[in-house]
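For reference, the structure discussed in these notes is given below.
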């Protein structure tokens, strides 16, 4: 099932063509997006996703997105959704190259896949892959758009295919010197005792909406949360390595580069329940 | 004027929607493209562009493009073109996420802009920008797709906006240590005496079709052509710094980071004429 909606709140047929061939979102990956989980008609971390959409748009020098339109489109998808859990994509592009400068904005709903739901429970195997940039690059080279959630996602997809080739489910990106960044579609959280740690977004990584939600509710439940740098070697003796993302939510990494990590199923279950208590 | 054509050789209205909202070319920048210059109905470096399209597709693990279909689409645009110089885009995406796996393939023709034609004659001012990756990264991290001409081009566009902000026309990407890579949409050629030099594509840069054509014809005209590494400091005392690309062709860099480079108008004129003699 797919539902597609426009900023005026009307629906469009998702099986019909929708964007022009010269849309810069298509020709140049020049646009931004968010993916929101909607459970029982309720979008999770809506404000956080809209904030990040605005932040990404600013990094790409796009006009600030018309949030009222984005919300109407998103709401229309939610209102017409009759399936199970909904993955709601919000997309804003720079519009048609040959057009009048109007951005292309839409909301597209699709079913949360069985694989994502399974990995919430079973966890994932991951490989560490070099993302190629140093920890200080994002601040000195903003034109590289590090940490923007843009439509130029081919590298993220290629990294996941590389994982699949190596028999793994997911990827932990690192700097060339082995500092942990993020997953291609997730935020890394390291657990040690009662402390959760995530790498700083100043490294050129995406500020995580699900990670932020987890940190907020966990802090209220007595956990310590901190932002700080993580070395890939730290992952091997942590109490849990988690990948947080909007649709798959909180998945524990049980295997890294073919080596089993210490069993984190209990701490994962506790944190997953803690996260769920927010909704 | 815009002309849009499909792999079966039929035309479509470029002002109407053409791709689905869930096309992975749009949602993920997951596809490849080429831009071919067509003058008087004759596409330039057609074989070179198709070779590179196939190479880029392989880097993205896409199915090998149906070149007969790509050619039919391109030919249909050329046959129906009634304007001046034509910039012909050839695009292949991974197709619709919710579809049957069929790639999206089209050819889109648009007019070569006045700015590109002017810069062929007047040259450009450029700034050097750090691309953030080291010279050896492409070979050890193929998942970063360095040197693939993918639809994930947001960074290339952001770099050009950064140039504009600094009052310049174009960009020379470098490694963090100041080794020259390429332009966001062009190949760099350094001229010293009767020798042309371009950086190796093993650095993770696009093999240039126009640069290759220039090298071939220049070698026949008595120039020495070589592939080798170039330091950004070398640009300041070269006899010419050229940016070669399919549509703008060969543009000389007259100013780099605000400093005037030695006058290269004569050597540029000679090489531009040499290049044109090929067609």
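The values are calculated or read from the model by the stated rules, or taken from the named source; none is laboratory data. None of the values given here were measured: they were computed from a predicted structure. Every residue, glycine as well, gets a Cβ built from its backbone with ideal geometry; the counts of neighbours run over all protein chains shown.
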TODO: Could you check residue A:95 against (1) surrounded by fewer than 19 Cβ atoms within 10 Å (Cβ to Cβ); (2) in the same structural domain as residue A:25 (by the TED database) and say which number it fails?
DONE: (1)
TODO: Give the range A:247-279 a look and list any residue that's at positive phi and surrounded by 13 or more Cβ atoms within 10 Å (Cβ to Cβ), or say none.
DONE: A:249, A:257
- [ ] Would you confirm whether any residue within the range B:11-21 is in a loop (DSSP other than H, G, I, E, B), within 14 Å of another protein chain (Cβ to nearest Cβ) and farther than 20 Å from residue A:98 by Cα?
- [x] no
TODO: Considering (1) within 14 Å of chain B (Cβ to nearest Cβ); (2) surrounded by fewer than 24 Cβ atoms within 10 Å (Cβ to Cβ), say which one residue A:201 fails and leave the rest.
DONE: (1)
Task: Top-ranked residue of the range A:7-21 - restricted to ones that are touching a strand residue (DSSP E or B) at 6+ places or on another chain (Cβ under 6 Å) and farther than 30 Å from residue B:148 by Cβ, ranked as surrounded by the most Cβ atoms within 10 Å (Cβ to Cβ) - done: A:7
Open item on the list: So in the range A:86-122, with the set limited to residues that are at the interface with chain B (Cβ under 10 Å from one of its Cβ atoms) and in a loop (DSSP other than H, G, I, E, B), which one is farthest from residue A:45 (Cα to Cα)?
Closed with: A:98
Open item on the list: Taking the conditions exactly as written (out of contact with any helix residue (DSSP H, G or I) (no Cβ under 6 Å at 6 or more places or on another chain), under 27 Å from residue B:87 (Cβ atoms) and crowded, with 17+ Cβ neighbours inside 10 Å), does residue B:214 satisfy them or not?
Closed with: no
Task: Sole exception among (1) in a loop (DSSP other than H, G, I, E, B); (2) touching a helix residue (DSSP H, G or I) at 6+ places or on another chain (Cβ under 9 Å); (3) under 13 Å from residue A:108 (Cα atoms) for residue A:36, by number - done: (1)
Task: Lone qualifier among A:118, A:52, A:72 - being crowded, with 20+ Cβ neighbours inside 10 Å and either at pLDDT 95 or above or over 29 Å from residue B:133 (Cβ atoms) (or both) - done: A:52
TODO: Would you tally the residues in the range B:174-186 being assigned to a strand (DSSP E or B) and surrounded by fewer than 24 Cβ atoms within 10 Å (Cβ to Cβ)?
DONE: 2
- [ ] For the range B:196-270, please list each of the strands (runs of 3 or more DSSP E) lying entirely inside it that holds at least 3 residues being at pLDDT below 95 and under 20 Å from the mean Cα position of the chain (by Cα).
- [x] none
TODO: Check off (1) assigned to a strand (DSSP E or B); (2) touching a residue at least 60 places away in the same chain (Cβ under 8 Å); (3) facing chain A (nearest Cβ under 10 Å) for residue B:148 and give me the number that stays unchecked.
DONE: (1)
TODO: Quick one: which residue in A:48, A:69 is more than 17 Å from the chain's Cα centre (by Cα) and either in contact (Cβ under 8 Å) with a residue 24 or more places away in the chain or assigned to a strand (DSSP E or B) (or both)?
DONE: A:69
TODO: Would you point out the residue of the range A:129-138, among those that are surrounded by fewer than 21 Cβ atoms within 10 Å (Cβ to Cβ) and in a loop (DSSP other than H, G, I, E, B), that is farthest from the other protein chains (Cβ to nearest Cβ)?
DONE: A:135
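Residues are listed down the side, and each one gets a yes or a no for (1) closer than 25 Å to residue B:91 by Cβ; (2) crowded, with 19+ Cβ neighbours inside 10 Å; (3) free of Cβ contacts under 8 Å to residues at least 24 places away in the same chain; (4) within 14 Å of chain A (Cβ to nearest Cβ):
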residue: B:127; (1), (2), (3), (4): no, yes, no, yes
residue: B:140; (1), (2), (3), (4): no, no, yes, yes
residue: B:154; (1), (2), (3), (4): yes, yes, no, yes
residue: B:167; (1), (2), (3), (4): no, no, no, no
residue: B:172; (1), (2), (3), (4): no, yes, no, yes
residue: B:191; (1), (2), (3), (4): no, yes, no, no
residue: B:231; (1), (2), (3), (4): no, no, no, no
Task: Odd one out for residue A:83 among (1) in contact with a helix residue (DSSP H, G or I) (Cβ under 7 Å, 6 or more places away or on another chain); (2) in contact (Cβ under 8 Å) with a residue 24 or more places away in the chain; (3) outside any helix (DSSP H, G or I); (4) outside the structural domain of residue A:268 (by the TED database) - done: (1)
TODO: Could you tell me which of the residues A:60, A:24 is closer than 30 Å to residue B:3 by Cβ, within 14 Å of another protein chain (Cβ to nearest Cβ), in contact with a helix residue (DSSP H, G or I) (Cβ under 7 Å, 6 or more places away or on another chain) and buried (at least 22 other Cβ atoms within 10 Å of the Cβ)?
DONE: A:60
